[in-house]
Amino acid sequence: KLGRVIVIGAGYGGATAAKYLRMWGHGKIEVIVIEPNADFVSCPVSNLVLGGEKTLSDITLPYDLLKQNHGIKWIKDKVIAIDPDKSEIRLSKGKLSYDKLIVATGIDFMYDRLPALNNLAAQQKIPHAWKAGPQTQNLFDQLRAMPDGGVFALTIPAQPYRCPPGPYERACQVAFYLKNHKPKSKVLILDANPAITSKRPLFERVWADLYPGLIEYFPSSSLKEIDVSTRTVKTDFDTVKSDVLNVIPPQRASDLCVNTGLANVDKRWCEVDFRTYESKVFPNIHIIGDGVDSGLPKSAHIATSQAKVCANALAFMLSDEAPDPSPVFGNTCYSYADNKTAMHVTTVYRYDAAEKIMKAAPGGGTSAHPSAQEYTDAQYWALNIWADVLT
Ligand code: FAD
């Protein structure tokens, strides 16, 4: 045996890391996953639930094959605390010790910046739908119940947040639903950023060609106040009253990372060594996925790539060998424009030994225009990543 690795969280990053640790450790690494959810629910493709093209069950997938195929030990529970000095984690029931720990717990929301939403009732009335699951269904139900001629307001936090193109894709899918079912309605986007943060010319073209007059975009519109009872938001310039209000709150690494002291950058993101994903705060704790301070887009594609770099490094480290000194990976993000066309952006990232960061490198590119071919490609991207992560 080479040692015990505990993986906290079986989202895109954690599930991938667990699988590849078992494979690349040739079965000699004991891998224990701790995850509270019974099933995997995918954020990628979840905007199509709002468009009406997919259902929540289409994006809900079982963990069974992942567990069975790779001999992963699984505990359905939530980690309450990490004790880095004792190399121990605390669960709701009992404690466990580790040789190496992978923390893949994604993001949590900064409700301290939006006090009006800092309670469950408000979060039900004004859903984020930025973690796929019941919140996605809630937002779709509200959209379906909206009167024709109503206003769907979507607020976007300042960067960095999970999935840079995601909010603009959401606007497309909500507009697609409204165009078909409630054509007198409007989508208002209040973006805290000074401009569309990803695939800007493509989204502008889609909104003009497919949804003329349906989507209105307001840049540099930070949220100042929310009145939950009337679903009204205030920015520096405007007051917007809506029928459905979708606030995507500002985000940071998970509560667990913050409480453990792993989120050392602005008490928000976790600093790591990009060759191993080992925390710069505590040895033997590795962090992957959206909680990492990487400067790269926070995507499922990148979370799985970081998971593979980390699993590979741990397989070497547990065998007292040096990890790969110069990792490289790519990222592709598709966005669905409607129910027939999609577009993408791809970037290659290489480790830069001088600056010790992952840097954009030659390769990659962006669609010239949305196309039906890319709609098919996007669906295969999802099927492929689900197969990679979950089987
Ligand atoms: P997650 O996938 O969120 O997994 C975190 C896991 O940790 C969860 O299962 C959670 O239950 C668990 N957890 C949390 N706390 C604890 C604890 N204390 N104990 C135990 N377990 C815990 N990315 C793309 O690449 N392509 C796309 O097309 C795309 N579209 C998106 C669309 C939307 C609407 C959204 C919101 C996101 C999209 N993303 C996309 C981004 C992608 O979903 C995230 O980047 C990705 O999920 C990050 O993976 P992760 O492992 O860091 O976190």
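The values are calculated or read from the model by the stated rules, or taken from the named source; none is laboratory data. In this text the structure is predicted, and so the values were computed from the model without any measurement. Positions of Cβ are backbone-derived with ideal geometry, glycine not excepted, and every protein chain shown enters the neighbour counts.
When residues of the stretch 351-391 are filtered for being buried (at least 18 other Cβ atoms within 10 Å of the Cβ), among the β-branched types (Val, Ile, Thr) and farther than 30 Å from residue 280 by Cα, how many remain? The number of residues fulfilling the criteria is 0. Of the residues making up the stretch 81-104, those that are at positive phi and modelled with pLDDT under 95 number 1. Please tell me if residue 144 is surrounded by fewer than 23 Cβ atoms within 10 Å (Cβ to Cβ) and either more than 12 Å from the ligand (Cβ to nearest atom) or touching a residue at least 40 places away in the same chain (Cβ under 8 Å) (or both). Yes: the conditions hold for residue 144. Within the stretch 14-58, the residues that satisfy the criterion of being of a type outside the set (D, E, K, R), part of a loop (DSSP other than H, G, I, E, B) and more than 30 Å from residue 146 (Cβ to Cβ) are 25, 26, 27, 36, 38. Annotation note: Cβ proximity below 7 Å between a residue of the stretch 323-344 that is free of Cβ contacts under 8 Å to residues at least 12 places away in the same chain and a residue that is within 16 Å of the ligand (Cβ to nearest atom) and in a loop (DSSP other than H, G, I, E, B) (sequence gap 6+ or interchain) occurs for no pair. Residues in the stretch 340-378 that are of a type outside the set (A, V, I, L, M), within 16 Å of the ligand (Cβ to nearest atom) and more than 18 Å from the chain's Cα centre (by Cα): 341, 349, 364, 366, 367, 370, 374, 375, 376, 377. Looking only at residues of the stretch 74-93 that are away from the ligand (no atom under 14 Å from the Cβ) and of a type outside the set (Asp, Glu), we find that the one that is surrounded by the most Cβ atoms within 10 Å (Cβ to Cβ) is 87.
One residue stands out among those in the stretch 19-54 that are among the small types (Gly, Ala, Ser) and out of contact with any helix residue (DSSP H, G or I) (no Cβ under 7 Å at 6 or more places or on another chain): the one that is farthest from the ligand (Cβ to nearest atom), which is 27.
Kindly establish whether residue 171 is over 25 Å from residue 340 (Cβ atoms) and of a type outside the set (S, T, N, Q). Against the criterion (over 25 Å from residue 340 (Cβ atoms) and of a type outside the set (S, T, N, Q)), residue 171 does not qualify. Among the residues of the stretch 154-196, those that are more than 18 Å from residue 52 (Cα to Cα) and assigned to a strand (DSSP E or B) comprise 155, 156, 162, 188, 189, 190, 191.
Every test in (1) among the charged types (D, E, K, R); (2) part of a helix (DSSP H, G or I); (3) within 11 Å of the ligand (Cβ to nearest atom) is passed by residue 290 save one, and that test is (2).
Answer yes or no: is there a residue in the stretch 178-186 that is touching a residue at least 24 places away in the same chain (Cβ under 8 Å) and under 25 Å from the mean Cα position of the chain (by Cα). No, that holds for no residue.
Being away from the ligand (no atom under 16 Å from the Cβ) and not hydrophobic (A, V, I, L, M, F, W, C) holds for only one residue in 298, 234, and it is 234.
Check the stretch 99-121 and report whether any residue there is within 12 Å of the ligand (Cβ to nearest atom), in a strand (DSSP E or B) and free of Cβ contacts under 8 Å to residues at least 60 places away in the same chain. No - not one qualifying residue is present in the stretch 99-121. Scanning the stretch 59-97 for residues that are closer than 29 Å to residue 139 by Cα, over 20 Å from the mean Cα position of the chain (by Cα) and in a helix (DSSP H, G or I) yields a single hit, 64. Does at least one position in the stretch 199-221 carry a residue that is under 26 Å from residue 119 (Cα atoms) and surrounded by 15 or more Cβ atoms within 10 Å (Cβ to Cβ)? So far as the stretch 199-221 goes, yes, one or more of its residues are under 26 Å from residue 119 (Cα atoms) and surrounded by 15 or more Cβ atoms within 10 Å (Cβ to Cβ).
If only residues of the stretch 309-330 that are surrounded by fewer than 19 Cβ atoms within 10 Å (Cβ to Cβ) and touching a strand residue (DSSP E or B) at 6+ places or on another chain (Cβ under 9 Å) are counted, the one that is nearest to residue 206 (Cα to Cα) is 330. Filtering 322, 307, 315 for residues that are over 21 Å from residue 83 (Cβ atoms), over 18 Å from the mean Cα position of the chain (by Cα) and either within 13 Å of the ligand (Cβ to nearest atom) or outside any loop (DSSP other than H, G, I, E, B) (or both) leaves a single hit, 315.
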